[in-house]
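Accompanying notes for the structure given below.
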Amino acid sequence: MTSDIAAILAIDGIATGAVYALVAIGTVLIFTVTRVIFIPFGDIAAFTALTLAALDAKRFPGTGALVVVLACLATLIEITSLIRNGDTRLLPRALLFYLALPLAVVGVAWLTMRLDPPLAVRLVLALMLITPIAPLLDRIVFRPIADGTVLLLLTVSVALHFALVGLGLLFFGPEGVRTEPLTSFSTELAGVLISGQTMLIVIAALVFSGLLYLFFDFTLVGKSLRATAVNRTGSRLMGIRPARAGTIAYLLGSLMAGVSGILIAPVNTVFYDSGFLIGLKAFVGAIVGGMTSYPGAAIGAVGVGILESFASFQSSALKDVIVFSLLIPVLIWRSLASLHSEEEIEE
């Protein structure tokens, strides 16, 4: 391996790691607020790429039908819950947020597609269609078992992933897609050619990370999310609703998954089941960061991307084995470094 090859692999790894970083930060965000290890995060990223490819081909994506189905299910569950608890005065609000808004998003996307929109508008449409998915899944699947153990939530999350893979095959088909590059710009740095797409991926990861920092530190909603992540019971006593905080966390997570899917679509062929490996490798990065630190998750995810890049050069058949083997020493170190109280062990 020459220095030029090492530089190319490092740049490729940083770009891949930047995508993993967005997914890892979103995974940590959802976990800290709701205690859910959201395995389908990568599936939402893959669905975004498939949605954008369908829009590029001037076809209305299956995401629209998926959102309609999820919206109807979420509305039915919410209405049933409100009637059972005697909170019928909240029915109009439930119909607005769980039915009217998602259907309005699908309707706007369908009408806009008839006008043959440019690339920038198609990107916005893809994000609009994908953003409601995670909050709707939260209402359908996770909120009824919100007080369950982390293991139960993880088991349900894995089952939800397999359900989404089946729905992805139904709504998008088995064909792989790759979208057109977002930019044709390229430059040379120290003799190494860097594509504009690679630069865009890194810049987008940095920008979104910075926006998240500003959101959590300087907005009331962001501070309420942080409070819920630190102490759910204490935040509830202070008037913060954990359910609402969870919805916002899923909304932000879905948006970050959408951006990740848009960034990765031009450089990788994406299938309906490609999201699992994306989410799993980002999860490794989040584990390196301890599942509590956003900077730690981002750094760990970039490290996973660089390791994957160099591992694929040495042995493309074993690159995934090498990446996931990173979990073993990290988990051993985390286990030895953490202090477990008797209460935690009993739980």
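The values are calculated or read from the model by the stated rules, or taken from the named source; none is laboratory data. Every value quoted in this text rests on a predicted model; they were computed, and no experiment measured them. Methodologically, a virtual Cβ is constructed for each residue, glycine included, from the backbone with ideal geometry; neighbour enumeration extends over all protein chains shown. For the accessible areas, the whole protein counts, side chains as well, though only heavy atoms, and no ligand, DNA or RNA atoms are used. Shrake-Rupley method; radii C 1.70, N 1.55, O 1.52, S 1.80 Å.
Any residue that is charged (D, E, K, R), at pLDDT below 90, open to solvent by 60 Å² or more (accessible area, probe 1.4 Å) and over 21 Å from the mean Cα position of the chain (by Cα) - is there at least one of those in the stretch 49-60? So that I can check it myself, show each step before the final result.
Going through the stretch 49-60, the residues charged (D, E, K, R) turn out to be 56, 58-59.
Checking which are at pLDDT below 90 leaves us with 56, 58-59.
Still in the running and open to solvent by 60 Å² or more (accessible area, probe 1.4 Å): 58-59.
Then keep just the ones that are over 21 Å from the mean Cα position of the chain (by Cα); that gives 58-59.
Yes.
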Residue that is farthest from Ala301 (Cα to Cα) [pool: residues in the stretch 195-245 that are among the β-branched types (Val, Ile, Thr), in a helix (DSSP H, G or I) and touching a residue at least 12 places away in the same chain (Cβ under 8 Å)]: Val221
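Could you tell me how many of the residues in the stretch 290-304 are among the small types (Gly, Ala, Ser) and buried (at least 24 other Cβ atoms within 10 Å of the Cβ)? If you could, list the steps in order and put the result at the bottom.
Looking only at the stretch 290-304, we keep the residues that are among the small types (Gly, Ala, Ser), and these are 290, 293, 296-298, 300-301, 303.
So of that shortlist, the ones also buried (at least 24 other Cβ atoms within 10 Å of the Cβ) come out as 297-298, 300-301.
Summing the residues that are among the small types (Gly, Ala, Ser) and buried (at least 24 other Cβ atoms within 10 Å of the Cβ) in the stretch 290-304 gives 4.
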Test: residue in the stretch 11-31 that is assigned to a helix (DSSP H, G or I) and over 20 Å from the mean Cα position of the chain (by Cα): yes
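Do we find that Thr149 is surrounded by 13 or more Cβ atoms within 10 Å (Cβ to Cβ), in contact (Cβ under 8 Å) with a residue 60 or more places away in the chain and among the hydroxyl-bearing types (Ser, Thr, Tyr) in this structure? Working first, answer last.
On the way: surrounded by 13 or more Cβ atoms within 10 Å (Cβ to Cβ): no; in contact (Cβ under 8 Å) with a residue 60 or more places away in the chain: yes; among the hydroxyl-bearing types (Ser, Thr, Tyr): yes.
In short, no.
To keep it simple, each residue is scored yes or no on (1) more than 23 Å from Ile30 (Cβ to Cβ); (2) at pLDDT 75 or above; (3) surrounded by fewer than 15 Cβ atoms within 10 Å (Cβ to Cβ).
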| site | (1), (2), (3) |
| --- | --- |
| Gly275 | no, yes, no |
| Gly279 | no, yes, no |
| Ile287 | no, yes, no |
| Ala311 | yes, yes, no |
| Trp333 | yes, yes, yes |
| His340 | yes, no, yes |
| Glu344 | no, no, yes |
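Quick check on the stretch 173-192. Is at least one of its residues in a helix (DSSP H, G or I) and either open to solvent by 80 Å² or more (accessible area, probe 1.4 Å) or modelled with pLDDT under 85 (or both)? Walk me through it before giving the result.
Just the residues of the stretch 173-192 that are in a helix (DSSP H, G or I), to begin with: none.
No; the residues of the stretch 173-192 include none that is in a helix (DSSP H, G or I) and either open to solvent by 80 Å² or more (accessible area, probe 1.4 Å) or modelled with pLDDT under 85 (or both).
Looking at this structure, is Ile30 open to solvent by 10 Å² or more (accessible area, probe 1.4 Å), of a type in the set (A, V, I, L, M) and in contact (Cβ under 8 Å) with a residue 60 or more places away in the chain? It would help to see each step written out before you state the result.
Numbers: open to solvent by 10 Å² or more (accessible area, probe 1.4 Å): no; of a type in the set (A, V, I, L, M): yes; in contact (Cβ under 8 Å) with a residue 60 or more places away in the chain: yes.
When the stated conditions are applied, Ile30 does not pass them.
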